[in-house]
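Q: One structure, as structure tokens, below. Some questions next.
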Amino acid sequence: MSAAPEPVPVPVSGAGPAAPPPSLDVRGLAFAYPDGHQALYGIDLRIERGERVALLGPNGAGKTTLVLHLNGILTPGHGTVVVGGLPVAGRHLREIRRRVGIVFQDPDDQLFLPTVAEDVAFGPANFGVAGEALQARVHAALAAVGMAEHGDRSPLHLSGGQRRRVALATVLACEPEILVLDEPSSNLDPVARRELAEVLLGLDTTMLMVTHDLPYALQLCPRSVVLDDGVVVADGPTRELLSDPELLGRHRLELPYGFSLSP
Ligand code: ATP
């Protein structure tokens, strides 16, 4: 016979540990470009720690404009952006840029040093990590993307898929609060696309993935947010949103020919 279970302590109301702040909390974000073009109208978006969220929407919807607010490249006309409890504001920008790791569509925007290891070390070194701790960061980040054996190589000699993974490692090495991926599957062959998906699925970092690749969103992100004309028009389980042909049609989203949503 098994022993009687230990009594489970019941937390006294108000005495438990405080819940961690969400990785991202965007409230009422509105923005117009200097030429007067209003690109965002009152965006609300909350992403909890560990969530993987796809940001979908047609060309010109405002996805890039939203992303550029997350690390303070653009400043809101109205509203607030808070990352892991820290407001995106002038005096916090250095720490915000560490917390918000943006992986750009073109890896060549992120790789510019003679070796892979130097590129991956660049970010954390800038944030004050040095010596063995820096080496450990570089090794861990390269291992996470399956590139641990390639540290001494020139990024110029890698394939497109490998460069994309190293670009991801440069951001992971800074231990971001939220990883923002801009069209991660673009220009990858099917195998590199799948390999990158496997890498991303193995990470426990909070993720916001901007993509036009709806099957990739389905594979990687349990939740999707659809942006159109500067407004969030849908926010819910990816499978549910992609199963709604009217929603897709209204916002110029289209599944690839022959793609079936059956599990
Ligand atoms: P895509 O899928 O094509 O990358 P997107 O959803 O990222 O599109 P944004 O680049 O955020 O869209 O653009 C949102 C709107 O803001 C568009 O109407 C665009 O023309 C406009 N826009 C973008 N950059 C500027 C700028 N520098 N000045 C004026 N308007 C701009």
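Q: Test residue 74 against the stated conditions and say whether it is within 13 Å of the ligand (Cβ to nearest atom) and out of contact with any Cys (no Cβ under 9 Å at 6 or more places or on another chain).
A: yes
Q: Same structure again: What number of residues within region 110-152 are of a type in the set (D, E, K, R) and either touching a Leu at 6+ places or on another chain (Cβ under 9 Å) or surrounded by 15 or more Cβ atoms within 10 Å (Cβ to Cβ) (or both)?
A: Qualifying residue count for the region: 4.
Q: In addition: Go through (1) surrounded by fewer than 14 Cβ atoms within 10 Å (Cβ to Cβ); (2) assigned to a helix (DSSP H, G or I) for residue 187 and report which single condition fails.
A: Among (1) surrounded by fewer than 14 Cβ atoms within 10 Å (Cβ to Cβ); (2) assigned to a helix (DSSP H, G or I), the lone unmet condition for residue 187 is (2).
Q: For region 22-67: of the residues being in contact with an Asp or Glu (Cβ under 6 Å, 6 or more places away or on another chain) and within 14 Å of the ligand (Cβ to nearest atom), which is nearest to residue 197 (Cα to Cα)?
A: Per the stated criteria, the residue is 57.
Q: Output the residues belonging to region 183-210 that are farther than 19 Å from residue 252 by Cβ and within 15 Å of the ligand (Cβ to nearest atom).
A: Residues satisfying the conditions are 184, 187, 208.
Q: Follow-up. Could you tell me whether residue 93 is without any contact (Cβ under 8 Å) to a residue 24 or more places away in the chain and open to solvent by 30 Å² or more (accessible area, probe 1.4 Å)?
A: Judged against the criteria, residue 93 is a match.
Q: Return yes when residue 79 is open to solvent by less than 60 Å² (accessible area, probe 1.4 Å) and near the ligand (Cβ under 9 Å from one of its atoms) and no when it is not.
A: No, not satisfied.
Q: While we're here: Does residue 196 count as of a type outside the set (Gly, Ala, Ser), open to solvent by less than 10 Å² (accessible area, probe 1.4 Å), free of Cβ contacts under 8 Å to residues at least 40 places away in the same chain and over 26 Å from residue 42 (Cβ atoms)?
A: yes
Q: Could you grab me the full set of residues in region 211-231 that are assigned to a strand (DSSP E or B), surrounded by fewer than 22 Cβ atoms within 10 Å (Cβ to Cβ) and within 14 Å of the ligand (Cβ to nearest atom)?
A: 228, 231
Q: Collect the residues in region 222-246 that are in contact with an Asp or Glu (Cβ under 9 Å, 6 or more places away or on another chain) and of a type in the set (Gly, Ala, Ser), keeping them in residue-number order.
A: Correct list: 224, 234.
Q: I'm told residue 117 meets every condition in (1) within 16 Å of the ligand (Cβ to nearest atom); (2) touching a helix residue (DSSP H, G or I) at 6+ places or on another chain (Cβ under 7 Å) except one. Can you identify the failing condition by its number?
A: For residue 117, the failing item is (1).
Q: Okay, moving on. Taking residue 85 as the residue in question, decide whether it is away from the ligand (no atom under 16 Å from the Cβ) and exposed (fewer than 15 other Cβ atoms within 10 Å of the Cβ).
A: yes
The values are calculated or read from the model by the stated rules, or taken from the named source; none is laboratory data. A quick note: this is a predicted structure, and the numbers were derived from the prediction, not measured. Here Cβ is always computed from backbone atoms with ideal geometry, including for glycine, and neighbour counts include all displayed protein chains. We work out accessible area using only protein heavy atoms, side chains counted, and drop any ligands, DNA or RNA first. Shrake-Rupley method; radii C 1.70, N 1.55, O 1.52, S 1.80 Å.
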